[in-house]
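A.B. asks: This structure is in structure tokens; I'll ask about it shortly.
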Amino acid sequence: MNRRSVLASVWMASSLSLMVLAILEISFPSTFSLAFRLESLLPYRMQIGIGEVFLSALFLWPAWRMDPDLSGRILETAARLGIGGMFILASWFKIQNPQGFALLVAQYQFLPQGAVNLFALFMPQLELWTGLAIILTRWNREMALLLSAMFIAFIVALAQAVWRDLGITCGCFEIEGALSKRDAWISLVRDLILVWPTLWLATRPNRSLIGIWTKRPAP
């Protein structure tokens, strides 16, 4: 590995670390507490997380300039593992408690009442198997498109909840407390951030995670 590749790897590692921290700050401000501790100084808890997203994107530029092929491979690997893992984690509690998830879905006042229970049974399974597939199979484009469609559906549902002042959370990672009024727009901002790398994955060639590092894409 030459000097430019080493430097590109350092920039990519910094960028990805900032992105992970940003998502944690935005999603769990009371647990990953840098923004939480400064809440009294900031109008919104998520501002530090959003700043970290922009800084993460800024760090991508020198990495791509130094070694675009290596940077793309690193980013694709991290995005598939991170987004796939997030959907697997998000599905787990819903599969274990479909009744609680159905109550959560009903908060959105978005689906017909008769479709809520069916959605609560179907969606967690779709999240689980799509998350596994984008990590374990070579069907990267198809799974990324499916995950992007889910993100867009979540964004639409959350946006209408914010517009109607329902004050709910998305319930992505918990059921307990999800019926209380919280900042629904925090979840909306997170999904708006994450949909972009997911859409980018849909432009990458179909190949396994191992294939990212052993095969070059066809010209």
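The values are calculated or read from the model by the stated rules, or taken from the named source; none is laboratory data. These figures come from a predicted structure and were not determined experimentally. Because the Cβ atoms are built from the backbone with ideal geometry, glycine has one as well, and the counts that use them run over all protein chains shown. Protein only, heavy atoms only, side chains kept; ligands, DNA and RNA dropped before computing areas. Shrake-Rupley method; radii C 1.70, N 1.55, O 1.52, S 1.80 Å.
A.B. asks: Quantify, in whole percent, the carbon and sulfur part of the accessible surface of segment 39-135 (1.4 Å probe; protein heavy atoms only).
C.D. replies: 72 percent
A.B. asks: For the residue pair Leu58 and Leu103, what label-to-label distance in nm results when each label sits 7 Å from Cα along the Cα-to-beta-carbon direction?
C.D. replies: Here the modelled spin labels are 4.5 nm apart.
A.B. asks: Same structure, new question: Considering only protein heavy atoms, what per residue accessible area in square angstrom results for segment 111-171 with a 1.4 angstrom probe?
C.D. replies: 52 Å²
A.B. asks: Quick one: check the C-alpha center-to-center distance for segment 1-27 versus segment 128-167, whole angstrom.
C.D. replies: If you average the Cα positions of each part, the centres end up 24 Å apart.
A.B. asks: Summing +1 for each Lys or Arg and -1 for each Asp or Glu, what net charge is found among the other residues whose Cβ lies under 14 Å from the Cβ of Ala133?
C.D. replies: +2
A.B. asks: Could you size up the charge dipole of segment 43-97 around its Cα centre, putting +1 on the beta carbon of Lys and Arg and -1 on that of Asp and Glu, and report it in debye to the nearest 20?
C.D. replies: 220 debye
A.B. asks: Also, I was wondering about something else. As an exercise, use a Förster radius of 25 Å and the Cβ-Cβ distance of Ser17 and Ile152 to find the FRET efficiency, rounded to the nearest 0.05.
C.D. replies: Step by step, r from the Cβ atoms, then E = 0.35.
A.B. asks: Go ahead and run the numbers for FRET between Leu132 and Trp213, Cβ-Cβ distance against an R0 of 22 Å, rounding to 0.05.
C.D. replies: My answer for the efficiency is 0.65.
A.B. asks: How much length is gained if the chain between Val6 and Leu111 is pulled fully straight, taking 0.36 nm per residue apart and subtracting their Cα-Cα distance, in nm to one decimal?
C.D. replies: Taking Val6 through Leu111 to full extension adds about 32.8 nm, to one decimal.
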